[in-house]
Amino acid sequence: MNRNFYFIGIAFFGMINGIFNQIWLIFALLYVQTLAGPLLFGNLSLTLMFASLMVSTATVILGGIPAAIYERVTGASESNTVSLWIWLAATAILALPAAGNFLKIGL
């Protein structure tokens with residue numbers, strides 16, 4: 001399978017978690033309002049989008065940690081199919097709490 005399909009799946013699960021995970025989104029929103037509120041002109045919709053982007057990015061980064069550990073243990077110099085599957089699976093597991101909201105609301 002082409003590597004781009006793995007990256008599309010990883011980005012999809014990150015997006016789902018960033019938009020529909022209410023727990024982490026509220027947590028990020030509280031920090032964004034205090035730290036980046038003046039940067040975003042105090043606009044709540046911009047702040048919510050920035051918080052969603054933060055949660056999505058954190059999901060992709062945290063999902064990549066098991067794949068990086070696998071690559072380090074096996075001594076691989078670049079990502080192979082197994083490490084991309086590990087990254088995709090870890091990102092999907094992190095997005096499980098948001099999957100219910102995604103299926104209920106839809107995209």
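Overview of values
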| quantity | calculated |
| --- | --- |
| Residues of the stretch 52-78 classified as open to solvent by 70 Å² or more (accessible area, probe 1.4 Å) and not in a helix (DSSP H, G or I), total | 2 |
| Subset tally (residues that are touching a residue at least 24 places away in the same chain (Cβ under 8 Å) and either among the hydroxyl-bearing types (Ser, Thr, Tyr) or outside any helix (DSSP H, G or I) (or both)) for the stretch 1-32 | 3 |
| Thr91 vs. criteria open to solvent by 30 Å² or more (accessible area, probe 1.4 Å) and either polar (S, T, N, Q) or touching a His at 6+ places or on another chain (Cβ under 8 Å) (or both) | no |
| Any hit, the stretch 79-89, residues being more than 17 Å from the chain's Cα centre (by Cα) and not in a helix (DSSP H, G or I) | yes |
| Residue match in the stretch 99-107 (condition: open to solvent by less than 80 Å² (accessible area, probe 1.4 Å), assigned to a helix (DSSP H, G or I) and closer than 19 Å to Ile8 by Cβ) | yes |
| Pair list, Cβ under 8 Å, 6 or more apart: the stretch 78-90 residue farther than 12 Å from Met1 by Cβ and in contact (Cβ under 8 Å) with a residue 12 or more places away in the chain, other residue open to solvent by less than 60 Å² (accessible area, probe 1.4 Å) and not in a helix (DSSP H, G or I) | Ser83/Ala76; Trp87/Ser79 |
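The values are calculated or read from the model by the stated rules, or taken from the named source; none is laboratory data. Quick caveat: nothing in here was measured; it's all calculated off a predicted structure. Every residue, glycine among them, receives a Cβ derived from its backbone with ideal geometry; neighbour counts consider all protein chains shown. Surface accessibility is based on the protein's heavy atoms, side chains included, excluding ligands, DNA and RNA. Shrake-Rupley method; radii C 1.70, N 1.55, O 1.52, S 1.80 Å.
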